[in-house]
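Nothing in this text is a laboratory measurement; each read-out follows from the coordinates by a stated rule. Everything numeric in this text was worked out from a predicted model, so none of it was measured. As a convention, Cβ positions derive from the backbone with ideal geometry for all residues, glycine included, and neighbour counts pool all protein chains shown.
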Amino acid sequence: MTRIVVTGAAGFIGSNIIKGLNARGIDDIIAVDDMTQGDKFRNLAALQVSDYVDADTFYDAFAGGAYGQIEAVFHEGACSDTMELNGKYMMANNYTLSCHLFHACQKRGARLLYASSAATYGGSATFREVPTFELPLNVYGYSKLLFDQRMRRDCGQDFQRTKAGKTNQVVGFRYFNVYGPHEQHKGRMASVAYHQFNQFQAEGRVKLFGEYGGYPAGAQMRDFIYVDDVVAVNLWFFDHPGESGIYNLGTGRAQPFNDVAITVVNTLREHKGEATLSLQEAVSGGHIEYIAFPDALRGKYQSYTQADLSSLRSTGCQHHFADVQTGVRKYVQALCAAKG
């Protein structure tokens, strides 16, 4: 029987990974999280796990062998608030704890598949997994980068695709802008698509940042990736234990925030039996509104991200990623169905 650990299990990506494992018939899963925010239970309620362990007690117990033989740990637990300014808290959660887990995995013969972030690139204009382009803009991005650097050091500087290295499989995924079901608990850190869904339901319009960073209103571009695609790539590496390294996990296709907004608006209009609109019609009709770029984000905001997938593709992973029009439409339809 394959026993799996998922940290951050009640969170957005963690719960979706459990859903993906369950779809394969894997349910001997130890779910690890901090359930202080009690409503996160909803993300686990329909899933099958064998145990739940509080994050405060799991890591030391795992290092001591309390849970028997673990095949792999999907480490999604972290402080993911990019606006968090408490660096001591951020480093303890995202760096020190992850180092502790890595050493425990090596000691216990478990594979480690962990969440890194595209925030490691920060102010860079190139998104390739090499130190030259790693320029984080906030302590969140730095905490993720430092752990990546530690993995390069402990696993060998060029541990990518090492078939017989000195460590068990270690894979870091630099997530770009992930959206999809089970993110409702994230508050301000939930995706643009989720916030726009709620805005349109409440006000009949969605709001986007105006001109900033040399981009016209709503034209700042991100690599938006649907959570099902994130899960699929995590599971591809689970199926290929010989592949290690740090890999971008985006679609490889930057799209403007306007694409997200018009897809949200038109999917909701279709749901109500109303005609779809062009972007220009949606703006002129007041369904999309541009607001001044907030001062708090100046100098800390990525106006453009696009994952370079060369390293990912070199492993043989040829997963096809949904574009915004496909993924956001599917997500909004799911949100509508959940609301009844």
Nearest-ten-degree value, helix 139-155 long axis tilted from longest Cα axis of the chain
30 degrees
Between Asp323 and Gln199, how high is the FRET efficiency from 1/(1 + (r/R0)^6) when r is the Cβ-Cβ distance and R₀ = 35 Å? Nearest 0.05.
0.95
Most fluctuating residue of Leu277, Leu309, Leu44 in a GNM of the chain with Cα springs under 10 Å: which is it?
Leu277
Rounded to a whole number of µm²/s, how large is the Stokes-Einstein D of the stretch 193-260 at 25 °C and 0.890 mPa s, given Rh as the Kirkwood radius over C-alpha pairs?
169 µm²/s
Can you tell me, using C-alpha contacts under 8 Å and at least 6 residues apart, the relative contact order of the stretch 1-122 as a whole percent?
29 percent
Taking θ = phi - 60°, what integer Hz values does the Karplus form 6.51 cos²θ - 1.76 cosθ + 1.60 yield along the stretch 317-331, in sequence order, with x for Gly and Pro?
6, 10, 4, 8, 9, 5, 7, 4, 4, 7, x, 5, 4, 4, 5
Hits in the stretch 186-213: amide N under 19 Å from the 7 Å Cα→Cβ extension of His271, namely 186-187, 190-208
Residue of Ala118, Ala322, Ala292 that the Gaussian network model of the chain assigns the largest fluctuation, springs spanning Cα pairs under 10 Å:
Ala292
Show the residues, 5+ positions off or on another chain, whose built amide H is closer than 5 Å to the amide H of Ile225.
Asn177, Val178, Tyr179
Kirkwood hydrodynamic radius for the stretch 70-149: how many Å is it when counted over pairs of different Cα atoms?
13.1 Å
Place a +1 charge on the Cβ of each Lys and Arg in the chain and a -1 charge on the Cβ of each Asp and Glu, then give the dipole magnitude about the Cα centre in debye, rounded to the nearest 20.
420 debye
I'd like the orientation of helix 97-108 relative to the chain: the angle between its Cα long axis and the longest Cα principal axis, in ° from 0 to 90, rounded to 10.
40 degrees
Pairs of lysines 8 or more apart, or on different chains, with alpha carbons under 21 Å: count those in the chain, would you?
22
DSSP-defined antiparallel bridges as percent of all bridges, the chain, nearest 5
10 percent
For the stretch 198-252, what's the relative contact order in percent, using C-alpha pairs closer than 8 Å and at least 6 residues apart?
24 percent
Taking every eigenvalue of the Cα gyration tensor of the chain, multiplying by 5 and rooting it, what semi-axes result, largest first, whole Å?
34, 23, 18
For the chain, whose charge dipole is built from +1 on Lys and Arg Cβ atoms and -1 on Asp and Glu Cβ atoms, the candidate among Phe238, Met151, Tyr67 with its Cα farthest towards the positive end is Met151
Kindly put Glu183, Glu281, Glu84 in sequence by how many other C-beta atoms sit within 10 Å of each C-beta, fewest to most.
Glu281, Glu84, Glu183
At 0.36 nm per residue, minus the direct Cα-Cα distance, what do His103 and Thr36 gain on full extension? Give it in nm, one decimal, please.
21.4 nm
